[in-house]
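Report on the following structure.
The values are calculated or read from the model by the stated rules, or taken from the named source; none is laboratory data. Being a predicted model, the structure only gives us computed values, none of them experimental. Cβ coordinates were reconstructed from backbone atoms using ideal geometry, including for glycine residues, and neighbour counts include every protein chain displayed.
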Amino acid sequence: MKNKRGPLWEEAPRVLTVPMPRIDAPSLAEHREATWRRLRDSFLEVMAEEGYAALSLASVARRAGIARNTIYNYAPTKDALLVAVVKAEVEPFVAQVVQEAAGVDDPEERLALVVRRDLAAFAPGARSLPVINSLKDVLPEEVSASIAACFAPVLDVVGRIVEEGVSAGAFRPVAHVGRVVEMMVGVMVAARHSLILGTPLDVIVAETTEFLVGALRRREEPSSSRTDVGPRRGERKKR
């Protein structure tokens, strides 16, 4: 017999129950952080294997074992993901350099420490920063600028080392500290390239430190006293 109460009383359609995704971490924040760590590791692995040009968000997601759409919660593009990964990897390095440099008083020793830490972080076999060496002339200018900004605290440390070295009389006076730091960065980039070509880390650290410290070190004024007993050039001997 047909139900006279109308369609509202008819049997409701079955609802398909979709299980919620399993969250491994105890909290949502920890789950997000764990996913981000997997993304970072997967990004570095895929980039080492395929190179940045061939890398895609899909390949990173596949390696990380997550849905591709999940990546967009962390970075909207491949370039943005690169900057985010580099920033996450650089921050502990920068914090360590800043902390260690603060514990050294002598300007030359402080500069030597920064050079050693920087080149060791970029040496082949280090965890992540060597990937930056392979990106020269590959990235758009704004992406390169974003990556360079990650190292700004280290450049600030170098600038203070130069200023304090000049004030203490250990370094020669310089006309513009900012320009000097830019030139020092150029030397460090060349040193990193030498590491790629196979120069041993200890050798390039020693050579780079000697070059930079030697360029800044105050030179002794030449003595004005004469040690020769003969006449100066052009002078006539008195009869």
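Scanning the stretch 25-36 turns up no residue that is modelled with pLDDT of 90 or more, under 23 Å from VAL143 (Cβ atoms) and among the small types (Gly, Ala, Ser). For the stretch 78-100, the criterion of a residue being part of a loop (DSSP other than H, G, I, E, B), modelled with pLDDT under 90 and β-branched (Val, Ile, Thr) is satisfied by no position. As a summary of the residue check, LEU16 satisfies the conditions (1) of a type outside the set (Asp, Glu); (2) at pLDDT below 90; (3) buried (at least 16 other Cβ atoms within 10 Å of the Cβ) except for the one numbered (3).
When you scan the stretch 120-188 for helices (runs of 4 or more DSSP H) that lie fully inside it, which ones turn up with 3 or more residues that are closer than 25 Å to GLU220 by Cα and of a type in the set (D, E, K, R)?
Correct list: 152-168.
So which of VAL166, VAL181, VAL162 ends up being surrounded by 16 or more Cβ atoms within 10 Å (Cβ to Cβ), without any contact (Cβ under 8 Å) to a residue 60 or more places away in the chain and touching a Pro at 6+ places or on another chain (Cβ under 7 Å)? Just a single option satisfies the conditions, and that option is VAL166. Put simply, of PHE151, PHE122, PHE171 the only residue that is out of contact with any Pro (no Cβ under 6 Å at 6 or more places or on another chain), surrounded by 17 or more Cβ atoms within 10 Å (Cβ to Cβ) and closer than 16 Å to MET188 by Cα is PHE151. In the stretch 96-119, of all residues being free of Cβ contacts under 8 Å to residues at least 12 places away in the same chain and exposed (fewer than 15 other Cβ atoms within 10 Å of the Cβ), the one that is nearest to the chain's Cα centre (by Cα) corresponds to GLN99.
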